[in-house]
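What follows draws every value from the coordinates through simple rules; no lab data is involved. Predicted, not measured: the structure shown is a model, and the values here were computed from it. Methodologically, a virtual Cβ is constructed for each residue, glycine included, from the backbone with ideal geometry; neighbour enumeration extends over all protein chains shown.
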């Protein structure tokens, strides 16, 4: 059972988990405290100072709620005159060099800086000196553009690259009031996960080069879905215009699957949905070639042919091959259709059609399917073995889960692969072998 402590926030008594960060405890109970630098998946850093609160017994003045664990009997004030004055001062500093370009900013309409300035800022600025200017937009990689004038140095992008993706591409340059975000030695930011910094950035300093000036957030409707690009099945939100045009994919937090992250393949490879080359309606082969027909006619034709084949040759004459990119729910429905409607157990979903499985291999795959564990179990595993697998290439988000297990849970990682892979650098043991000998390695 979770150990709870009692705290009082703005006169309201709450019971929260012992050691939980004060900001998280307040959020869970509907108490809003402004924040920029803190993110649940990144942990506390206390860089932006906007989450200042007053705690009885602490004589040093307001403290940061994002880096302070709760203790039993803690009395907190989030809207006292001291706190409000401090927050107004912090927002005034954040906006001192921030450009007033909301009407043309891609983040406008879903910008935390806009919302929190309106709620907690002073309303008017005393700053009349010229603002700083930088070259903009600065392309720091094939997918990301940087606008340094908008940056409030929350460190989210820097910490994501250092702690989560571990590519350390985005760093802080220079010092003191000249500090700015950039890439290490001006190298291009190339990563499987670069798009995450766009979502993490709370001010529009980092934007997608593929989607820049392409939409306004209030034009879009978000619909929950699942990424189709690999078997992990990361949860996503589809941003759709009124004409049903898909504009972007956003991550949708599911701690059991994706841990709130999304790889660039899943984030940016959605153009096929709106492609003019996609079939808009079924085509039926006639004497004169393919002819466009309605869905009703196409489904009636398919049902008739399946009935005819099953009647003449039996249900085992029908085999079903499902795309491995389908969701588990779709695959489940497809299997029930084949087994209970057609009466055939000839099903497959093997993603490489040029490689045929032997009966022994098929049996091994079926046996493996019975031993599948939840993705989250990787975080508590003591040892992780990658045999002939490269998650960085095929299931990128799974790579982040493995890195998390090694870094935070001290899991031992063994990589056995035909060649060095990105995770080889994290492995306690890394062994390479000729690709043709995979079966021998597996048997050994």
Which angle from 0 to 90°, rounded to the nearest 10, does the C-alpha axis of helix 81-94 make with the longest principal axis of the chain?
-> 70
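What FRET efficiency would be calculated for the residue pair residue 273, residue 180, taking the C-beta separation as r and a Förster radius of 35 Å, to the nearest 0.05? Before the final figure, lay out the partial values.
Details: r = 37 Å, r/R0 = 1.05.
According to the calculation, E is roughly 0.40.
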GNM flexibility winner over the chain from 47, 205, 381 (Cα, springs under 10 Å) = 381
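For an R0 of 41 angstrom, estimate the FRET efficiency from the Cβ-Cβ distance between residue 316 and residue 15 and round to the nearest 0.05.
Values: r = 61 Å, r/R0 = 1.49.
After rounding to 0.05, the efficiency reads 0.10.
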Distance from the Cα centre of the range 104-148 to that of the range 34-63, in angstrom?
-> 22
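Evaluate the relative contact order of the range 283-358 (contact order divided by residue number), counting alpha-carbon pairs under 8 angstrom at least 6 apart; express in whole percent.
On the way: 56 pairs, mean separation 18.7, N = 76.
The value is 25 percent.
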With Cα coordinates, the longest principal axis of the chain makes an angle with the long axis of helix 295-313, in degrees rounded to 10, of 40
14 Å cut-off, amide nitrogen to a point 7 angstrom out along residue 428 Cα→Cβ, residues in the range 381-405 = 381-386, 405
On each of the three principal axes of the Cα atoms of the range 102-208, give max minus min coordinate, whole Å, ordered largest first.
-> 40, 27, 24
Between the alpha-carbon centers of the range 182-209 and the range 370-406, tell me the distance in whole angstrom.
-> 25
Calculate for the chain the 222 nm mean residue ellipticity that helices alone would give, adding -39,500 (n - 2.57) per DSSP H run of length 4 or more and normalising by residue count, nearest 500 deg cm²/dmol.
-> -7000 deg cm²/dmol
So, in nm, how far is label residue 329 from label residue 71 when the simple model puts each one 7 Å beyond its Cα toward the Cβ?
-> 4.8
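What ranking of 387, 238, 173 emerges when the number of other C-beta atoms within 10 Å of each C-beta is taken as an exposure proxy, fewest first?
On the way: 387 12, 238 18, 173 15.
Ranking 387, 238, 173 by Cβ neighbours within 10 Å, fewest first, gives 387, 173, 238.
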Tell me, in nm to one decimal, what length is gained between residue 134 and residue 119 on full extension, where the rule is 0.36 nm per residue of separation less the Cα-Cα distance?
-> 2.6 nm
Theoretical gain in end-to-end length, residue 216 to residue 79 [0.36 nm per residue, Cα-Cα removed] | 46.0 nm
So for R0 = 25 Å, FRET eff. of residue 242-residue 295 from the Cβ-Cβ r, to 0.05, ends up at 0.60
Length gain on complete extension for the stretch residue 190 to residue 409, per 0.36 nm per residue less the alpha carbon to alpha carbon distance?
-> 76.1 nm
Residue of 181, 339, 203 that the Gaussian network model of the chain assigns the largest fluctuation, springs spanning Cα pairs under 10 Å = 339
For the range 145-245, what's the radius of gyration and Dmax over Cα atoms, in angstrom?
-> 15.7, 48
For the modelled label position 7 Å from the Cα of residue 126 along Cα-to-Cβ, which residues of the range 86-114 have backbone nitrogen atoms closer than 17 Å?
-> 86-97
Once normalised by the length of the range 102-208, the mean sequence separation of its alpha carbon contacts under 8 Å that are 6 or more apart gives a contact order in percent of 32
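Just order 89-102, 223-236 by mean Cβ neighbour count inside 10 Å, highest at the front, would you?
Details: 89-102: 16.7, 223-236: 18.8.
Listed from highest to lowest mean packing, they are 223-236, 89-102.
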Over all directions, average the projected area of the Cα convex hull of the range 283-358 and note it in nm².
-> 7.0
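Normalise the Cα radius of gyration of the range 373-443 by 2.2 N^0.38 Å (N = residues in it) and let me know the number. Could the numbers behind the result be given before it?
Values: Rg = 11.9 Å, N = 71, 2.2 N^0.38 = 11.1 Å.
Rg over 2.2 N^0.38 Å, computed on Cα atoms: 1.07.
Send over the per residue convex hull volume for the range 4-94, Cα only, as a whole number of Å³.
Values: hull volume 8.1 nm³, N = 91.
Convex hull volume per residue, Cα atoms: 89 Å³.
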How high is the relative contact order of the chain, in percent, with contacts defined as C-alpha pairs under 8 Å that are six or more residues apart?
-> 9
Arranged by the count of other C-beta atoms within 10 angstrom, fewest first, what order do 120, 332 take?
-> 332, 120
Return an integer: the convex hull volume of the alpha-carbon atoms of the range 141-200, in Å³ per residue.
-> 83
Of 262, 220, 400, the one that fluctuates the most in a GNM where the chain has Cα springs shorter than 10 Å = 220
